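What follows is a short report on a single structure.
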Amino acid sequence: MEFTKLTENEFAEFSEKQDNMNFWQSTGMAHLRKWNGWEYDYVGIKQEQEIIAAALISYRKIFMGQTFVQAPRGFYIDYENKSLMTFFHKELCKYLDSIHCMYFRIDPYIIHIERDINGEIVEGGLDHTQVVDTLKDLGYKHTGYLRGMTTEREPNWMFVKNIKDKTESELLKEFDSRARRMINKTINLGIQVKEITKDELSIYKAIMDHTSMRRGFQDHSLNYYEGLFETFGKEGKLKILVAQLDLTEYKSKLTAEKLDLTMKLEKITGQLQEQAANEKLHKKQVKLEEDIAVVEGKLHECEQMIADNKEDKVILGGATFILAGKEILYLYGGAYEKYMKFNAQYALQWYMFCFGVQHGYERHNFYGISGIFDKQDEGYGVYEFKRGFQGTVEELIGDFYLYRRPLSYKVYEGLRKVKHLVKRH
């Protein structure tokens with residue numbers, strides 16, 4: 001076996017063959033890291049000229065010429081092959097020292113223990129605890145099986161829907177009643193989903209700025225999203241979508257609906273003149289009057305939206321999806337609070353479900369959830385939304401650190417803590 005640097009084409013061809021192919025370990029991510037100021041290499045193991053393991057390694061200088069190094073979402077390797085892992089680790093350490101690595105981080109895209117839709121362990125299911133033990137034996141420090149969401153690391157918990165060999169109608173039937181109802185509502189409203197171009201990126205960024213302020217998180221910069229276009233976009237692996245409502249069409253639908261209800265009410269009213277004691281007709285009359293009042297309220301709201309917006313079409317929300325291997329990944333999403341009632345996120349998700357079915361994808365990954373299945377938890381609503389599509393919870397094995405220069409790391413961390421204290425005061 002030989003540990004060696006790989007060409008981009010070699011890495012790309014090998015990664016595309018992997019069952020756990022993901023966007024973090026991809027050429028697109030290498031280029032995005034470069035866009036954001038990182039350096040990168042592709043490394044791997046060859047046996048008789050055939051690649052049997054590979055990884056994207058990215059790094060940047062942080063302190064006195066020393067580097068912080070990552071293999072985002074780990075390696076493409078058989079983690080259960082201890083001899084292969086040991087050889088790869090030994091040779092990787094030599095490479096890390098050559099780029100002056102202070103510390104190295106991985107967060108493998110490997111399931112820890114198989115779980116069901118409720119986050120409960122599946123009896124007799126997958127169990128990769130041994131992989132954790134192997135990494136610990138090799139000297140990696142495990143941060144534990146963490147729950148919760150933070151911007152400091154990628155999520156350890158995800159929600160995934162299997163779409164392999166499914167039709168659109170089969171998927172819709174599998175969703176819970178609320179998800180089906182919301183999707184059908186967005187279709188009936190005429191909500192349109194469109195892909196935005198790089199020149200239209202400010203439209204999407206405005207949605208994310210609004211959402212980050214509303215939900216209290218720090219969004220990426222415009223430069224970051226431009227980088228997504230320049231990397232994954234050029235490879236055809238990016239979908240940034242917005243959901244919009246044509247106000248003229250919406251008003252026309254409401255007007256037609258009101259007319260239909262009014263005609264039905266007039267018919268019932270006429271029947272009541274001859275059947276004044278008919279309780280069933282009275283109930284229908286009351287229900288139609290209530291329905292008309294609701295539609296009139298929507299018409300008033302629509303007219304106000306037309307007055308408030310310069311364009312005929314109003315943007316409701318948006319989402320970013322990455323295409324990687326067999327998987328569609330829902331990376332980011334947001335919506336304007338005043339338009340939440342239109343359920344734009346259901347329209348966006350359904351658009352990508354249909355895309356996935358039509359193009360042969362096998363997984364629709366809703367990505368991060370907290371892993372806390374308590375209805376009182378602040379992140380439960382995110383899980384509840386994703387759960388409506390009837391998938392499964394996936395828990396990954398977590399984050400691991402390898403300290404190549406532990407003394408330098410202690411000094412570096414100490415200085416960082418002092419810096420943060422100074423900023424706070």
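Every number in this text was worked out from the coordinates using simple rules, so none of it is lab data. Bear in mind the structure is a predicted one, so any value in this text is a computation, not a measurement. We place every Cβ from the backbone using ideal geometry, glycine too, and count neighbours over all the protein chains shown.
For the reader, a short list of remarks on this structure follows.
- The overall shape of segment 203-250 is oblate: from the C-alpha gyration tensor, with semi-axes ordered a ≥ b ≥ c, the ratio a/c is 1.5 or greater and a/b is no larger than b/c.
- Rg over Rh, two decimals, segment 187-325 (C-alpha only, Kirkwood Rh): 1.21
- For K386, the aspartates and glutamates whose Cα falls under 12 Å of its own Cα, not counting residues fewer than eight places away in the same chain, are D176.
- Neighbour net charge for G356 - beta-carbon separation under 11 angstrom, K R +1, D E -1: +3
- Hydrodynamic estimate: the Kirkwood radius of segment 98-175 over Cα pairs, inserted into Stokes-Einstein at 20 °C and 1.002 mPa s, corresponds to D of 135 µm²/s.
- Here the contact order of segment 281-425, divided by its residue count and restricted to Cα pairs under 8 Å and six or more residues apart, works out to 14 percent.
- The chain: relative contact order as a whole-number percent, Cα under 8 Å and 6+ apart: 26 percent
- Cα gyration tensor shape for segment 274-425, rounded if a/c is under 1.5, else prolate or oblate: prolate
- Leading residue at positive end of dipole, the chain (Cβ point charges), from T320, Y225, Q349: Y225
- Point-charge dipole on Cβ atoms (K/R +1, D/E -1) for segment 18-61, about Cα centre, debye to 20: 360 debye
- Rounded to the nearest 20, the size of the Cβ-charge dipole of the chain about its Cα centre is 1240 debye, with Lys and Arg at +1 and Asp and Glu at -1.
- Distance from segment 347-399 to segment 233-301 (C-alpha centre basis), Å: 32 Å
- Helices in the chain, meaning DSSP H runs of at least 4 residues, each add -39500 (n - 2.57). Divided by all residues, the mean residue ellipticity at 222 nm is -14000 deg cm²/dmol.
- About the centre of its Cα atoms, segment 277-388 shows a dipole size close to 380 debye [charges on the beta carbon of Lys, Arg (+1) and Asp, Glu (-1) only; nearest 20 debye].
- FRET efficiency, 1/(1 + (r/R0)^6) with R0 45 Å, evaluated for E13 and D312 via beta carbons: 0.45
- Amide H partners (placed H, <5 Å) of I163, local residues excluded: R363, H364
- Cα gyration tensor category, rounded, prolate or oblate, for segment 285-339 with a/c compared to 1.5: oblate
- Projecting the Cα positions of M64, L299, V382 onto the charge dipole of the chain (unit charges on Cβ atoms of Lys, Arg, Asp and Glu, taken about the Cα centre) puts M64 furthest along the positive direction.
- Cut-off 13 Å between beta-carbons: net charge of the residues surrounding M263, Lys and Arg +1, Asp and Glu -1: -1
- Inter-label distance, nm, simple model (7 Å from Cα along the C-beta direction), E230/C93: 3.8 nm
- Peptides 279-285, 135-141 ordered by average Cβ neighbours within 10 Å, highest first: 135-141, 279-285
- If you bin all the Cα-Cα distances of segment 84-219 at 10 Å, starting from zero, the percentages per bin are 8, 21, 27, 25, 15, 4, 0.
- Neighbourhood charge, 10 Å Cβ-Cβ cut-off, centred on K46 and excluding it, Lys, Arg +1 and Asp, Glu -1: -4
- Extension gain (nm, one decimal) between N184 and N118, 0.36 nm per residue minus Cα-Cα: 21.2 nm
- Listed residues G28, M1, I77: farthest to the positive end of the dipole of segment 1-146 (Cβ charges): G28
- Computed on the chain, the Cα convex hull volume stands at 190 Å³ per residue.
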